[in-house]
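Reviewing the structure listed below.
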Amino acid sequence: IDVLSLGGGAFTVPRYVRETRPGSEQVVLEIDQELVDVVLDDFEFEPGPDVSIVVGDARLSVRDLPDDSADVAVGDAFGSRSVPFHLATEEFLADVDRVLRDDGVYVGNLIDGTDETFLRAQAATLGRVFAHVVVVRGPLLVAGNNGNSVILASDAPLDVESFAELLRADRDPSETDLERRERVGPDGAGAGEIVAGDELVEYLDGATVLTDDFAPVDQLIGG
């Protein structure tokens, strides 16, 4: 597959794709040259011909990518704990959609508080760009704590049941709640939760749509 990573971090996604999808081609957009240097020097990551690293603001770098050139786009850019506001807007996500193929999938990782205002806003914004959206509320959030969640979006239908199977697979049916707490800690004792279809419509009722003119991401993230 062809993968676009918006934010490099420790290059976890490129490592995973290289291991699980050999032969894939990847482009990583990362604004922080020092972070890239640390990953290359200290984390022993080799870019190679299969992984291209572009240092610069992803908002600008995406403009140079050709139409219909990616199967997956992964939004994993953070400034502290929030997604940079200009990478969360309808206008930017429309440009990402341009780069994705017709059946391509956008996967966004974000952090929010228990009120889920930003999570809902980002999902509503993606719904203005893509035909299909699924929210996977993370285990910490489901358990009543601040934490990461994932949003998937595509112009093609998404296989919600396959996501549900992955969540079920994360929990051994023979494992008690106490055993799980001992294994993953009390804050992550629950499982993730999928919000899709009619439930998603209700979940997004009244959510803010983020645009270049109005994207108060820092204010939307709850405590």
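Descriptive notes on the structure:
- Per residue, the chain exposes 51 Å² of accessible surface when a 1.4 Å probe is rolled over the protein heavy atoms with every protein chain present.
- Under 5 Å from the amide H of GLU116 lie the amide H atoms of GLY222, each residue being 5 or more positions distant or on a separate chain, with H modelled from the backbone and absent for Pro and chain starts.
- Relative contact order (%) - the chain, alpha-carbon pairs under 8 angstrom, separation at least six: 20
- Here the gap between ARG98 and TYR16, fully extended at 0.36 nm per residue and compared with their Cα-Cα distance, gives a gain of 27.1 nm.
- Our helix-only sum for the chain, with -39,500 (n - 2.57) per DSSP H run of n ≥ 4 divided by its residues, gives a mean residue ellipticity at 222 nm of -9500 deg cm²/dmol.
- Look at where the Cα atoms of segment 1-66 and of segment 89-166 average out, and the two centres are 21 Å apart.
- Fluctuation leader among PHE43, PHE11, PHE130 - the chain, Gaussian network, Cα springs under 10 angstrom: PHE43
- Near VAL74, the amide H atoms lying under 5 Å from its own belong to LEU4, SER5, LEU6, VAL107; only residues 5 or more places off or on other chains count, and H is placed 1.01 Å from N.
- Build a GNM of the chain with springs between Cα atoms under 10 Å apart, and of GLY197, GLY75, GLY138 the one that fluctuates most is GLY197.
The values are calculated or read from the model by the stated rules, or taken from the named source; none is laboratory data. Remember, it's a predicted structure, so these values are computed and weren't measured experimentally. In case anyone asks, the SASA skips ligands and DNA or RNA and just uses the protein heavy atoms, side chains included. Shrake-Rupley method; radii C 1.70, N 1.55, O 1.52, S 1.80 Å.
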